[in-house]
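Asks: Here you go, one structure.
The values are calculated or read from the model by the stated rules, or taken from the named source; none is laboratory data. Bear in mind the structure is a predicted one, so any value in this text is a computation, not a measurement. Reconstructed Cβ throughout: ideal geometry from the backbone, glycine too, with neighbour counts over all protein chains shown. For the accessible areas, the whole protein counts, side chains as well, though only heavy atoms, and no ligand, DNA or RNA atoms are used. Shrake-Rupley method; radii C 1.70, N 1.55, O 1.52, S 1.80 Å.
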Amino acid sequence: LAQTLLMAVLFAPRLGWDLVRTRRPWLQLTRGLSLVAISLLFFSALRYIPLGEATAVIFLAPLVVILLSAFVLKEQIGAGIWLAVGCGLLGVLIIVRPGGALFTPAILLPFAAALCFGLYQLLTRRLSATDHPATSNFLTSLLGALLMSLALPWVWQLPEFSHGLLMAALGALAMTGHMLLTHAYRFASAASLAPFTYGQIVIATLLGMLFFAHTPDAGGIAGMAIIILSGLCLAWSQRRTG
């Protein structure tokens, strides 16, 4: 709701009804449902799994994006991009450590979110060719607000003032992040952008240390180092292809 109201204030005066006009209504609906699913699954996962680890699992999504980009969008995927994504995936596996303590039924929550996240990124790429970025993000936030409102009779709690401010800030950050992502897909392929998103794992881990005292162990640090290496591999590959 915070994101929807903020976007309406910022973009409706300039775009008018163009803010809600779309050439691909079914794709917009699917994109909105994907983001709702991501939010529900990821927030639920955070009840059981530390922030850094949950973020690491959800970042199987770039691998989904690469596969969908290659086989659905028919984009040309260079060897350097495959190498970068492979390195990033290796880093994720080191952080999560299959067979370790994180492999409980709760791990399926961020894993399912990763699948939805991959679909969301792909749809963002497809819609960037036909719809204005503000339109895509406004319709997605509006759909999310309407769907989540259906649950209010069963879960509503009056938020404290400080919590209300945090929710408003979350809406503003969500709008900014989604707008930047949508603009990025206007200028680069989904496959090229996917490895860069691994940086969110590092940021989430640092925030987990700062706010929740979740300190990564040696394996977690090694995984983050490999993820950073994957970004350097991508930059080197992109530089060579010019």
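Asks: Any residue in region 8-18 that is in contact (Cβ under 8 Å) with a residue 40 or more places away in the chain and within 30 Å of V202 (Cα to Cα)?
Replies: no
Asks: Filter region 175-203 down to residues that are modelled with pLDDT under 75 and either aliphatic (A, V, I, L, M) or assigned to a helix (DSSP H, G or I) (or both), then give me how many there are.
Replies: 9
Asks: Please determine whether any residue of region 153-172 is assigned to a helix (DSSP H, G or I), open to solvent by 40 Å² or more (accessible area, probe 1.4 Å) and under 30 Å from C233 (Cβ atoms).
Replies: Within region 153-172 (the criterion being assigned to a helix (DSSP H, G or I), open to solvent by 40 Å² or more (accessible area, probe 1.4 Å) and under 30 Å from C233 (Cβ atoms)), the answer is no, since none of the residues qualifies.
Asks: Next up: With respect to L89, is the statement that it is open to solvent by 20 Å² or more (accessible area, probe 1.4 Å) and more than 14 Å from the chain's Cα centre (by Cα) true?
Replies: yes
Asks: Among (1) in contact with a helix residue (DSSP H, G or I) (Cβ under 6 Å, 6 or more places away or on another chain); (2) open to solvent by 30 Å² or more (accessible area, probe 1.4 Å), there is one condition L73 misses while meeting the rest; what is its number?
Replies: (1)
Asks: Determine, yes or no, whether L123 is at pLDDT below 85, open to solvent by less than 60 Å² (accessible area, probe 1.4 Å), within 28 Å of R31 (Cα to Cα) and not polar (S, T, N, Q).
Replies: no
Asks: Go through region 198-231 and give me each residue that's open to solvent by less than 80 Å² (accessible area, probe 1.4 Å), in contact with a Ser or Thr (Cβ under 8 Å, 6 or more places away or on another chain) and polar (S, T, N, Q).
Replies: Correct list: T205 only.
Asks: Another question, then. Out of the residues in region 140-152 that are in contact with a helix residue (DSSP H, G or I) (Cβ under 6 Å, 6 or more places away or on another chain) and open to solvent by 40 Å² or more (accessible area, probe 1.4 Å), state the one that is farthest from F43 (Cα to Cα).
Replies: My answer is L142.
Asks: Here's another thing I want to ask about it. When you look at H214, is it over 15 Å from the mean Cα position of the chain (by Cα) and farther than 21 Å from L46 by Cα, yes or no?
Replies: no
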